[in-house]
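A short write-up of the structure that comes next.
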Amino acid sequence: MYKILLTWRYLLTRYIALICVISVTLGVATMIVVNAVMLGFSREMENRMHGALSDVTIGAWSSLRGIEDADARIRDVWDAAGDMIEAVTPTVSTQALLNYEIAPGEVINKPVELIGIDPETQEKVTALAQYLQHPENRQHTSFTLKEDGYDVQNHLAGDRGVQRPVLGTAGWKKRRSDARYEKYRQREQERQRSVAEHLPAPQSDFDPIVAGAPPEVKPDSPDPSVESPLEYTDLHEGETPSGKTYSLENSPYAAALAGLTSAPVYSSEISQIDLPEEDSPNAPEPVGPSPLDSYDEFAPHFDKATQQDTGVIIGIGIVGGNRYKVTDPDTQKTRYCEPLFVVPGDDVTLSCLSLSSDRSLPSIVSDRFTVTDLYESRMVLYDQSFVFVPIEKLQQMRNMISPDGKKMVTNILIKAKPGVDINKLRDRLQSSPQFPSHLFMIRTWRDSQANMLEAVSIELGVLNVLLFLIVAVAGFGILAIFFMMVVEKTRDIGILKSLGVSGFGVMQIFLYYGLALGLLGSGLGLILGIVFVRNINTLASWLSQVMGHDVFNPEVYNFYEVPAIIEPWTVFWIVVGSVFIAVISGVIPALRAARLRPVDALRV
């Protein structure tokens, strides 16, 4: 009992020991916070990876030819491990080139990973559906363009997600507006060419038409050299023979006409321009038939206002622009906004390699697709590369259907039943004679991302070692303080020994004191660390306001709040390790105190 009383007295009177307590507290709290944040990052990254990938993937070593007779191979999968499998889906994956027009004459080309999927079975194997921007597509994946209703921000991010206002007008509404815009654009270009053909030749080196100045000709006294007063008058303000007043420069849609303006008009912004209807009094009278009425590169009688090409789902990072901040004047909250060059309703072109008729040398094929939704998994690697199309369409483009109707695929994706060890499922498929290792590559999603996951694990281990040095510094402080106590309390130690206290008893006093310092510091650090983790997003917002910039930039990390997960076992070992260091630090001074002889101690 006296040992505990002496330990308690030293703990209350030796204020220098508070330095050791504070060191242990800060070390434990820091390790808890860092491990919680790193674990949150790791888990969130793994969930996003796993959502985009299947549990197990069977692929062919030859990405061009792929797996022959996909239906037969799928039956082999069920035969080999049907009791461990919940769903299977085939895919065709290949490198491709995506190009889209952001303004007339401005075409963007981007390399992408083109993936052909079966919507009916794909959503049973991966989490593709939950990463789409239309609520109906999240319920059931579809390549059909919707009227409207696309989310203006990522639904997984809540009210802190990046705003994309242009998606509010995406869908069939935008497509019909684009079709009307293209017709007006074609008619205006035809009108301009018709007027230019009837303009008089310049009389000097200075051409007012080329220079941009309007010719000094009044509508009521046209130049006799002009063959068609109608077209000439239409170029400037005045009345046409039909009685309508029209000005090309002041027309309500002149600002949107590419080629007639200096400022580019992005295709995703066209739907925001109020174009007059064809029967509106402000609409120009057409000069002959519009070329768009009977022209389309891929379908001669294709009506863009009522028809769509084969649907395509594009990663949002492929078509996104630079993000910018917008501050709400009412709440003073800062939000990130992102422009999109392509939205649902726009058309894009995809080019990829196709097998030749003899399945030997490849060739390049292209086709036009209509964007029906955008894919945002919040994994930059996937959002900037993945493009999804119907698997049948990609198989036709790449000539992956044999004359007898057998289809080729590049991958077979497998989802395991709940509770099944995917490593065991992989091993069973690898040992199956239907899937020899020289023809098929079978991997789990962790195998395919092993390098990235291993890098995160190594980083977390290094951080733990470095942060644990903080507790080690506190241990050296305890060691120094205990040596000072042994010197100061030499006479007291002699008195205790003369009263019959053994050397082991004196040693226990110092060990109990080290244990008390460790328990107190670790307990305070545990409380401080948990409170910090629970309120880490509030603290991050407060620090952002104080410092004037985001301490946790969602544009960099693609997280809209700091992910933090407290793992009980990790916390337990942090506390145990800290207490152990505090106790071990007092062993050497305790041994020195135990070896003191009463006579020598009393002489001091």
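Taking the number of Cβ atoms within 10 Å of each Cβ as an exposure proxy, the fewest-first ranking of Val371, Val473, Val112, Val28 is Val473, Val112, Val371, Val28.
Where a ≥ b ≥ c are the square roots of the eigenvalues of the C-alpha gyration tensor, would you call the range 90-153 rounded, which needs a/c under 1.5, or, failing that, prolate if a/b is larger than b/c, or oblate? Oblate shape, in that a/c is at least 1.5 and b/c is the bigger or equal ratio.
Amide H contacts under 5 Å for Lys304: none, restricted to partners 5 or more places along the chain or on a different chain, H placed in the peptide plane at 1.01 Å from N. Among Leu53, Leu591, sorting on how many other beta-carbon atoms sit within 10 Å of each Cβ, with the fewest leading, yields Leu591, Leu53.
A Förster radius of 35 Å, combined with the Cβ-Cβ distance separating Tyr324 from Arg368, puts the computed FRET efficiency at roughly 0.65. Here Asn47 and Ala455 are evaluated by their C-beta separation; at R0 = 25 Å the FRET efficiency comes out at 0.90. 3J(HN,Hα) couplings calculated from phi for the range 429-439 with the Karplus curve 6.51 cos²θ - 1.76 cosθ + 1.60 (θ = phi - 60°) are, in sequence order, 5, 5, 7, 6, x, 6, 10, x, 5, 7, 10 Hz; Gly and Pro show x. Here the gap between Val531 and Leu591, fully extended at 0.36 nm per residue and compared with their Cα-Cα distance, gives a gain of 17.7 nm. Backbone geometry of the range 466-471 corresponds, through the Karplus equation with coefficients 6.51, -1.76 and 1.60 at θ = phi - 60°, to 3J(HN,Hα) couplings of 5, 6, 5, 5, 4, 5 Hz, x marking Gly and Pro.
Listed cross-link partners Lys174/Lys393; Lys146/Lys393; Lys110/Lys333; Lys124/Lys333; Lys146/Lys333; Lys110/Lys173 are compared with a 29 Å cut-off, the Cα-Cα value being larger for Lys110/Lys333; Lys124/Lys333; Lys146/Lys333. Taking amide H as placed 1.01 Å from N in the peptide plane, Gln133 has its amide H under 5 Å from the amide H of Leu374, each at least 5 places away in sequence or on another chain.
Taking label points 7 Å from Cα along the Cα-to-Cβ direction, Lys417 and Val462 give a separation of 4.3 nm. Spatially, the range 386-453 and the range 76-155 are offset by 16 Å when compared through their Cα centroids. Label sites at Phe476 and Asp83, each approximated as a point 7 angstrom past Cα along Cα to Cβ, lie 6.0 nm apart. Applying the Karplus relation 6.51 cos²θ - 1.76 cosθ + 1.60 with θ = phi - 60° to the range 180-185 yields 3J(HN,Hα) values of 5, 4, 5, 5, 5, 5 Hz, where x marks Gly and Pro.
The H on the amide N of Ala87, modeled in the peptide plane, is under 5 Å from the matching H of Lys415, each at least 5 residues off or on a different chain. Model label points for His198 and Phe580, set 7 angstrom from Cα along the Cα-to-Cβ axis, are 9.5 nm apart.
Read-outs throughout are calculated quantities, based only on the coordinates presented, and are distinct from any laboratory measurement. No experiment lies behind these values; they were computed from the predicted model shown. Ideal geometry is used to build each Cβ from the backbone, glycine not excepted, and the neighbour counts take in all protein chains shown.
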